[in-house]
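Everything below concerns the one structure shown next.
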Amino acid sequence: MDEAHIVKALGALAQETRLRIFRLLVVAGRDGLTPGHMSEELGASPTALSFHLKELSHSGLIDVERDGRNLIYRAHFDRMNTLIGYLTEHCCAGQACEVAPSVCTDCTDPS
């Protein structure tokens, strides 16, 4: 993916409903989901869902396939992994990426 495609993909995910849709499709795996199932799961109207699915599809992060009368949407895992790879390609200048857990000195233990 070139930078223009990376920006488009990140832009598509930079919206709460689209991020939730994409995560739902990632969890569904290769089986994918129908719009009806996603609408029920997310509590989104079919019109809003259709708009967001179109945006994710145009970004290249999801694919759609017709199965009889149903549309099946799936996360495009190769593009997702390419996006993640792009973001982490030069992570930590080649050193091990271990982030130390934060220590909260002002936190109170509720127990």
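Conditions (1) touching a His at 6+ places or on another chain (Cβ under 8 Å); (2) of a type outside the set (A, V, I, L, M); (3) assigned to a helix (DSSP H, G or I), marked per residue:
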| site | (1), (2), (3) |
| --- | --- |
| Met1 | no, no, no |
| Ile6 | no, no, yes |
| Glu40 | no, yes, yes |
| Thr47 | no, yes, yes |
| His52 | no, yes, yes |
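Being under 10 Å from the mean Cα position of the chain (by Cα), part of a helix (DSSP H, G or I) and without any contact (Cβ under 8 Å) to a residue 24 or more places away in the chain is true for just one of Arg23, Arg18. Which residue is that?
On the way: Arg18 fails: without any contact (Cβ under 8 Å) to a residue 24 or more places away in the chain.
Arg23 is the lone residue from the list that is under 10 Å from the mean Cα position of the chain (by Cα), part of a helix (DSSP H, G or I) and without any contact (Cβ under 8 Å) to a residue 24 or more places away in the chain.
Every residue, every condition in (1) under 30 Å from Leu33 (Cβ atoms); (2) acidic (Asp, Glu); (3) modelled with pLDDT under 90, yes or no:
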site: Asp63; (1), (2), (3): yes, yes, no
site: Arg69; (1), (2), (3): yes, no, no
site: Ile72; (1), (2), (3): yes, no, no
site: His76; (1), (2), (3): yes, no, no
site: Thr82; (1), (2), (3): yes, no, no
site: Cys92; (1), (2), (3): no, no, yes
site: Glu98; (1), (2), (3): no, yes, yes
site: Cys107; (1), (2), (3): no, no, yes
site: Ser111; (1), (2), (3): no, no, yes
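Across region 59-82, the qualifying residues are those that are assigned to a loop (DSSP other than H, G, I, E, B) and not charged (D, E, K, R), and the one among them that is surrounded by the fewest Cβ atoms within 10 Å (Cβ to Cβ) is Gly68.
The values are calculated or read from the model by the stated rules, or taken from the named source; none is laboratory data. Here the structure is a predicted model, which means the values were calculated and not measured. Positions of Cβ are backbone-derived with ideal geometry, glycine not excepted, and every protein chain shown enters the neighbour counts.
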